[in-house]
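Here's the structure, in structure tokens; my notes come after.
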Amino acid sequence: MAAADVRDMLDLPAEGQPRPHKKQKVVEKRPEGITRELYALLGERAPPIAINENKYKGRPKWMNKLRVRPWSMAPFTNNARSDGLVLNHWQRKHESARPPAPALEESQIEVDQPKEEGKEDVPKLPEQEYAFAKYNVKPRLPQRYTDDEYNRHLKNDDWSREETDYLVDLVTDYDIRWVLIADRYDYQPRMDTQPDANALVPAKHHRTMEQMKARYYFIAATMLSLEHPPSEMSEAEFELHEKMLKFDPDRERDRKELAALQLNRTADEVREEAMLLEELKRITSNEQNFITERRELYSRLEVPISVGNTTMYQSSAGLSQLLQTLLQADKSKKRRSILGDGAIPSPAGQTPSTAGGLGRAETPATQATNKKGSITKETGQMVRTLTAAEEAKYGVQHHERVSAGVQFRSDRAQRLTQAKSNVQTQKLANALSELEIPVRLFMPTERVCKDFEKLIQSVNMLLDARKVSEKVESEIRVLEAAKMERERKSREAAGISGPSADPDHPHVKKENEDGDTGLLGHSTTQNTHGNGGAHQSRNQEGDGNHKRSASVLSGASDKSNKRQRR
Amino acid sequence: MNPSNPPQAAEYGGDEVSAIVLDPGYSTTRAGFAGEDAPKSLIPTYYGKYNADGQEKLVFGDDVFVTPRPGLSIHNPIGKDGIVEDWDMAERVWEHSFMSRLTGTKAGNPFQNGLNDVSADELPTEMEVESEEKPLSDSPLLMTEPGWNPAKAREKTIEIAMEKWDTPAFYLARTGVLAAFASGKASALVIDIGASNISVTPIHDGMILKRGVQHSPLGGDYISSQIKAIFKANAPQPITITPHYLISSKSPVEAGQPPQAKYKIFPADKAPDASYRALLEERTLSEFKECVVQVWPGPTRLSAPSPTGVSNEDMARTTPGRPFEFPDGYNQVFGVDRFRAVESLFDAKAAIPDPDSTFPPSTPAQTIPELVKASLAGVDVDLRPHLLANVVVTGGSSLLYGFTDRLNHELMQMFPGPRVRVTAPGNTSERRFGSWIGGSILASLGTFHQMWISKKEYEEHGPNIVEKRCK
């Protein structure tokens, strides 16, 4: 059909045969008695597609039931006007003007917009004030002076009465906006009043804003004080009065001159100022940094001295425990307790001096120091391997395992003198005192400590040896006593008295004594020899003797110690 | 939000009283209803005058451009300085601006509005004119005026509005204030680049500061004269603008080649006046200004050397030119010349001398930076930084490509200390109709309605009331 129309319009010959019409979709009617859904399953119908039409949503349905509330072009007057000008604006029509079913309307209106209730009232009361009239505000000005008041209080040589009137009018007109008042101030002195004076005075006397302000403030303050004497003024009034009286036009003029200078700076000046400001900012921030760091340092130095019992910290274990607790506290508090409140925590390694140097480094004045600082920093960063001699010189040590915390070398040496049993400890102490070595070393250097350790070891060994020898001797004694008993018995049996063995004993003893004395000041080889001799001696020796020999030996080792130290 | 609810009054403070805002300018006159965002009626202020059948006839509106009637001469009721000179015709033009589109059906005398050409025998009598309803009897009217409008002109304006148009309420607002309002500012330094004038107006609290108002004639028409001077000195051959109405057919030519067009020849007695040709030439030129002319973006002047040592002029030469085809088919690519046409707005030395131009050579004091300087010198020093932070640019000629950038640079160079911030709406219509939009805002405010001068007040105090009320 459409094609035929087009052909017709374009004067094309009609096609020989009209095209077969598109198969018209025959909508088969659903037989009665079959549900629609079931029928849909049977027939050759396209699957249903949800058709979404873009439709204007409009108002909710329930609103359609409402009657359209009419608006009308209504006249209104503005209370802020004195002339009663009537203008027209669109306004919702009066509610009660609608006659039908007012009750229903009311309820629906309430559902619709309860907030509107206030508005609905507007047209009901024609006398209602215009909504914008309340914005018509005027500043409170002091009352106008009378002739009498002017003559008594406000006379001024510079300002004529006419000009004063003009000024006050202008102030009232422009609501004390001085910028506008000064802009529009254009007082023409009347020619007819003072023709002579006019010739002398320049025709147009230019008043500055400061002059106007000074004059007006004087008038306003005077009028205020006439209205209420200053003693009866309210606080605000009094403040205003004071402020107006204290107005200083010269100062104000100077200020404006300065402001103009500031405004008309050249680009160079502005740039210089910006640079200076930047510099100032840097300096103050550096100073701030310096102050915080110094405070940090002070707070470190001024840790409060503890007044509690310190005995528990006197042993090394106590000390290390204290150290642990302090470390814990440090970790948890992040040193906030040491620093003052509000101080910026700086990294622990940063010392104030280096930080100050870095901070200053940016200013050109301290370029030199900066250079120096950087050099030391570089050398510090270099890793150097030390020779054995140097290691010894600087006391560098390498440890296999290092236990946590700080330990005192003297503590370690001290610990060696503490044996398991009290008796043994006592014995060690006796041995040391005999050698005139204090229990607590005076100079616990590394080497001293090492030698001390050796000494204690050998003392211990000797003590052990003595113990063994004592044991053996006592056994020998017992056995000899038994032998003598047996010999006596056999002698008694044989009738021979046996004092022959007796002279042997004192001899041995003497020899021993000699050896002992001779040993003093001799080398360790003799010492061990003597020791061996003492060991092997089958003589009966007293405890004291043994003790003495041991102490002598240790004395010798002490001597060697001393030699080594030297 | 329920569309049937009116907006809360506190939300926008608007209360529309179907006021009409009329913003007459030198080149166009804008009129529309307050509360709308663009003027409904935009007509040229130019009107045509010709004699037919021994009777003087007038053409208003866009019709002036259309038919080159024999002896048609074009006039403008407003003087070069933006002040109305021919009050009778100004009234007619303004009346046409709102009657043709806004108060249409109530149009008064069809003879009076110039829309209909009535033949002499149907001429209505004077009596009928008197009995006609006056055009604005139910709409308050807000009119605009330049900041330097003399008191006499203001009084004349309210006289026309009240007595000829019978408006119930009237207000006269300054274009600068309204442009500031359109930018949402109560205090601003408004730089208005119009067709005949550029003006700088400081505004404080919605009022102009009279001592700071500055204006100079370096507007769009001056730029046109500069372009004409450039065309005269054009390199391959001087360009003459032939307006469309003089061309009957044309064929395309290569760039820079002489045009090949058939011209319409009007016999001397049928030809329109030269002013008609000038008007249409001006249309072509404004097209040229829109397409080609560009303001050197700065930061330094076009004549100054750039920071790299190459002179700015050479830099401008390296930028790709812009082609333009004139109505007669002549076309050319414009290079550095397109910058030179407007440079004199910022740099008086860059003005292109043209002895034939109607414009006197521009002085340094007329350039925009100097105007701003002089304007700021006229206001209180405390106010200056605030004004510089609120510079509002408006007016159709400120749409020149790159204008605001350059202005910004110039101001920043001149006042390196305070913060300079130039506000210029990006939207073309907002820039062209800045003062109208401000008037539309003002006249639709509920708080403004107390400021209208009502008919009653006018009758009571006479036209002098406008000086007291529209300060």
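The values are calculated or read from the model by the stated rules, or taken from the named source; none is laboratory data. Because the structure is a prediction, the values reported are computed rather than measured. Positions of Cβ are backbone-derived with ideal geometry, glycine not excepted, and every protein chain shown enters the neighbour counts. These area figures cover heavy atoms from the full protein model, side chains too; ligands, DNA and RNA do not enter into them. Shrake-Rupley method; radii C 1.70, N 1.55, O 1.52, S 1.80 Å.
Details
- Residues of the range B:424-471 that are surrounded by 18 or more Cβ atoms within 10 Å (Cβ to Cβ), of a type in the set (S, T, Y) and more than 14 Å from chain A (Cβ to nearest Cβ): B:S435, B:S440.
- Residue match in the range A:163-174 (condition: modelled with pLDDT of 85 or more, within 58 Å of the chain's Cα centre (by Cα) and of a type in the set (D, E, K, R)): yes
- The set of residues in the range B:17-43 being over 16 Å from B:T103 (Cα atoms) and among the hydrophobic types (A, V, I, L, M, F, W, C) consists of B:A38 alone.
- Checklist (1) within 14 Å of another protein chain (Cβ to nearest Cβ); (2) touching a residue at least 40 places away in the same chain (Cβ under 8 Å) applied to B:R174, failing item: (2)
- Residue in the range B:149-160 that is free of Cβ contacts under 8 Å to residues at least 24 places away in the same chain and open to solvent by 20 Å² or more (accessible area, probe 1.4 Å) present: yes
- Helices (runs of 4 or more DSSP H) contained entirely in the range B:383-471, each with at least 2 residues that are within 22 Å of A:A133 (Cβ to Cβ): B:434-443, B:455-461, B:465-469
- Evaluation of B:Y222 against (1) assigned to a loop (DSSP other than H, G, I, E, B); (2) surrounded by 24 or more Cβ atoms within 10 Å (Cβ to Cβ) (one fails), failing number: (1)
- Among the residues of the range B:368-386, those identified as crowded, with 20+ Cβ neighbours inside 10 Å, of a type outside the set (K, R) and over 24 Å from B:G220 (Cβ atoms) are B:L376, B:V379, B:D380.
- Hey, B:G184 touching a residue at least 60 places away in the same chain (Cβ under 8 Å), more than 14 Å from chain A (Cβ to nearest Cβ) and among the small types (G, A, S) or not: no
- Just so you know, in the range A:428-466 the residues that are open to solvent by 70 Å² or more (accessible area, probe 1.4 Å) and part of a loop (DSSP other than H, G, I, E, B) include one that is farthest from A:E391 (Cα to Cα), and it is A:E436.
- Residue check for A:E269: modelled with pLDDT of 85 or more, away from every other protein chain (no Cβ under 11 Å) and farther than 21 Å from A:Q211 by Cβ: no
- The criterion of at least 3 residues that are at pLDDT below 90 and in contact with a helix residue (DSSP H, G or I) (Cβ under 9 Å, 6 or more places away or on another chain) is met by none of the strands (runs of 3 or more DSSP E) wholly inside the range B:1-90.
- Condition met for B:G402 (at pLDDT below 90 and surrounded by fewer than 21 Cβ atoms within 10 Å (Cβ to Cβ)): no
- Flag if B:L246 is open to solvent by less than 60 Å² (accessible area, probe 1.4 Å) and within 30 Å of B:A350 (Cβ to Cβ): no
Rundown of residues vs (1) open to solvent by 10 Å² or more (accessible area, probe 1.4 Å); (2) on the phi > 0 side of the Ramachandran plot, yes/no style:
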position: B:Y171; (1), (2): yes, no
position: B:A180; (1), (2): no, no
position: B:D205; (1), (2): yes, yes
position: B:V213; (1), (2): yes, no
position: B:A233; (1), (2): yes, no
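- Of the helices (runs of 4 or more DSSP H) that lie entirely inside the range B:257-375, those containing 2 or more residues that are under 26 Å from the mean Cα position of the chain (by Cα) span B:274-291, B:337-343.
- Restricting the range A:55-90 to residues that are among the hydroxyl-bearing types (S, T, Y) and more than 9 Å from chain B (Cβ to nearest Cβ) leaves a set whose member that is most open to solvent (accessible area, probe 1.4 Å) is A:Y56.
- Unmet criterion (only one of (1) open to solvent by less than 80 Å² (accessible area, probe 1.4 Å); (2) within 14 Å of chain B (Cβ to nearest Cβ); (3) acidic (D, E)) for A:E237: (2)
- A:W159 being open to solvent by 20 Å² or more (accessible area, probe 1.4 Å), aromatic (F, W, Y) and in contact (Cβ under 8 Å) with a residue 24 or more places away in the chain: no
- All conditions in (1) more than 14 Å from chain B (Cβ to nearest Cβ); (2) without any contact (Cβ under 8 Å) to a residue 12 or more places away in the chain; (3) among the charged types (D, E, K, R); (4) surrounded by 11 or more Cβ atoms within 10 Å (Cβ to Cβ) hold for A:R295, with the sole exception of (2).
- Evaluating B:R277 against the criteria (1) at pLDDT below 90; (2) over 12 Å from B:F326 (Cα atoms); (3) open to solvent by 30 Å² or more (accessible area, probe 1.4 Å) leaves one unmet condition, (1).
- Matching residues in the range B:145-191 - criterion: being more than 28 Å from B:A424 (Cα to Cα), outside any helix (DSSP H, G or I) and among the hydroxyl-bearing types (S, T, Y): B:T167
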